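Peer 1: After the structure tokens below, expect a handful of questions from me.
The values are calculated or read from the model by the stated rules, or taken from the named source; none is laboratory data. All figures in this text were calculated on a predicted structure; none of them were measured in a lab. Using ideal geometry, Cβ is built from the backbone for each residue, glycine included, and neighbour counts are taken over all protein chains shown.
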């Protein structure tokens with residue numbers, strides 16, 4: 001039986017998309033018979049989210065200063081006590097990179113790194129000088145000495161090669177669970193928009209790399225075209241943009257301020273109403289001075305069943321991102337048979353090849369064209385996009401298949417099997 005320890009900066013929702021992707025990976029490995037441990041840092045959501053990892057053994061350590069870096073001596077002690085055959089680091093630039101290297105030097109046991117898009121060009125440029133320093137101090141050694149690097153897709157593998165890293169690369173995507181029953185409960189936008197309006201959903205971190213400012217600018221352009229009599233789509237009267245996710249670094253406030261400046265009617269559903277008996281409700285946050293129909297809704301973080309309700313109830317999904325590994329949000333939208341609008345930077349070219357998504361670039365003009373294509377499409381065409389997406393994830397992204405590929409890589413790393421086909 002292979003023993004593996006997986007290191008992640010946080011085991012809670014603060015990990016963003018890694019909370020879903022790493023959790024389901026290790027649960028799938030555990031179900032296949034592997035002995036799995038997960039080590040992370042304790043934060044304000046650890047106690048609420050720890051149960052979601054069951055039955056996998058999870059340990060969360062109290063971080064020392066600086067907390068964001070995640071230093072804790074408990075990591076190395078736990079690894080030396082368990083003595084895994086393979087260590088798997090998820091993410092970069094934090095203390096788990098250092099402790100993985102320390103463990104390797106003491107035990108000579110191999111490790112694999114899943115960068116999760118953190119070596120893509122946009123991600124490397126973001127906070128560049130901090131990463132240059134981290135690379136010189138510890139991350140360069142961590143990357144170079146890895147037995148294998150895992151890329152989520154071919155574009156990520158190419159990005160790794162462009163950084164002159166010579167490690168062998170395993171191309172294994174994130175996986176997805178296909179829903180078997182409809183989620184219970186009304187959508188969070190119920191009562192906030194008029195009956196019959198369609199909803200275009202964004203769900204993910206509220207972070208600059210997701211491209212939300214350009215999405216709002218594109219949304220405003222289409223609204224202005226309708227208001228001025230240049231009816232290009234009917235978007236203003238038929239669609240609402242719903243933005244769900246957890247705020248990072250105050251970016252949500254910046255997005256709300258931009259919506260106000262663009263004169264887009266918006267509301268926050270958390271304890272607030274957009275229209276009550278024809279009157280704009282009193283709110284404590286920034287709001288547009290325009291009156292409904294509400295064009296943009298902020299839903300706040302949505303997890304587990306609440307997240308599934310959003311996917312199930314929306315009419316389309318959009319991700320205008322500048323940089324991704326393989327975004328779980330897109331896979332989840334396809335699993336719920338929803339049409340997707342996304343950028344090539346989402347690294348899911350098979351979605352375009354299988355007619356499961358509308359392609360947009362990250363600039364405003366391209367997003368406008370993509371939105372127009374979405375809202376002009378017949379319902380049957382949108383259903384076709386969603387059905388193609390569900391077929392795609394069923395064939396290529398189911399978790400048992402991903403666990404099988406990862407198990408083959410682990411066995412090869414410790415000398416117990418041939419080099420898998422996914423290793424390039």
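Peer 1: Checking residue 308 against (1) in a loop (DSSP other than H, G, I, E, B); (2) modelled with pLDDT of 90 or more, which single condition isn't satisfied?
Peer 2: (1)
Results for (1) modelled with pLDDT under 90; (2) outside the structural domain of residue 14 (by TED's automatic domain parsing); (3) under 23 Å from residue 29 (Cβ atoms), shown as yes or no for each residue.
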{"position": "90", "(1), (2), (3)": "no, no, yes"}
{"position": "105", "(1), (2), (3)": "no, no, no"}
{"position": "121", "(1), (2), (3)": "yes, no, no"}
{"position": "135", "(1), (2), (3)": "yes, no, no"}
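Every residue, every condition in (1) farther than 17 Å from residue 97 by Cα; (2) touching a residue at least 12 places away in the same chain (Cβ under 8 Å), yes or no:
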site	(1), (2)
27	yes, yes
36	yes, yes
49	yes, yes
56	yes, yes
65	no, no
72	no, yes
78	no, yes
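Peer 1: Quick test for you: out of 31, 52, pick the one residue that is surrounded by fewer than 23 Cβ atoms within 10 Å (Cβ to Cβ), outside the structural domain of residue 244 (by TED's automatic domain parsing), within 18 Å of the chain's Cα centre (by Cα) and at pLDDT 90 or above.
Peer 2: So the residue among 31, 52 that is surrounded by fewer than 23 Cβ atoms within 10 Å (Cβ to Cβ), outside the structural domain of residue 244 (by TED's automatic domain parsing), within 18 Å of the chain's Cα centre (by Cα) and at pLDDT 90 or above is 52.
Peer 1: What residue, of 174, 101, is in a loop (DSSP other than H, G, I, E, B) and under 30 Å from residue 63 (Cβ atoms)?
Peer 2: 174
Peer 1: Then there is this: Condition first: touching a strand residue (DSSP E or B) at 6+ places or on another chain (Cβ under 7 Å) and either free of Cβ contacts under 8 Å to residues at least 24 places away in the same chain or surrounded by fewer than 23 Cβ atoms within 10 Å (Cβ to Cβ) (or both). Now tell me which residues in the stretch 150-177 satisfy that.
Peer 2: Of everything in the stretch 150-177, those that are touching a strand residue (DSSP E or B) at 6+ places or on another chain (Cβ under 7 Å) and either free of Cβ contacts under 8 Å to residues at least 24 places away in the same chain or surrounded by fewer than 23 Cβ atoms within 10 Å (Cβ to Cβ) (or both) turn out to be 153, 154, 157, 160, 165, 167, 168, 169, 171.
Peer 1: Also: Which is surrounded by fewer than 21 Cβ atoms within 10 Å (Cβ to Cβ) and either within 26 Å of residue 108 (Cβ to Cβ) or outside the structural domain of residue 404 (by TED's automatic domain parsing) (or both), of 61, 45, 69?
Peer 2: Unique residue meeting the criteria: 61.
Conditions tested, residue by residue: (1) over 25 Å from residue 221 (Cα atoms); (2) modelled with pLDDT of 95 or more; (3) not assigned by TED's automatic domain parsing to the domain that holds residue 241.
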| position | (1), (2), (3) |
| --- | --- |
| 347 | yes, no, no |
| 350 | yes, no, no |
| 355 | yes, yes, no |
| 359 | no, yes, no |
| 362 | no, yes, no |
| 377 | no, no, no |
| 404 | yes, no, yes |
| 409 | yes, yes, yes |
| 422 | yes, no, yes |
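Peer 1: Restricting the stretch 328-358 to residues that are closer than 12 Å to residue 397 by Cα and touching a residue at least 60 places away in the same chain (Cβ under 8 Å), which is nearest to the chain's Cα centre (by Cα)?
Peer 2: 328
Peer 1: Something else now. Within the stretch 143-183, track down each residue that is under 19 Å from residue 303 (Cβ atoms) and touching a helix residue (DSSP H, G or I) at 6+ places or on another chain (Cβ under 7 Å).
Peer 2: Of everything in the stretch 143-183, those that are under 19 Å from residue 303 (Cβ atoms) and touching a helix residue (DSSP H, G or I) at 6+ places or on another chain (Cβ under 7 Å) turn out to be 174, 175, 176, 177, 178, 179, 182, 183.
Peer 1: Oh, and also: Need a quick list: helices (runs of 4 or more DSSP H) entirely within the stretch 316-380 having at least 3 residues that are surrounded by fewer than 20 Cβ atoms within 10 Å (Cβ to Cβ).
Peer 2: 349-353, 364-376
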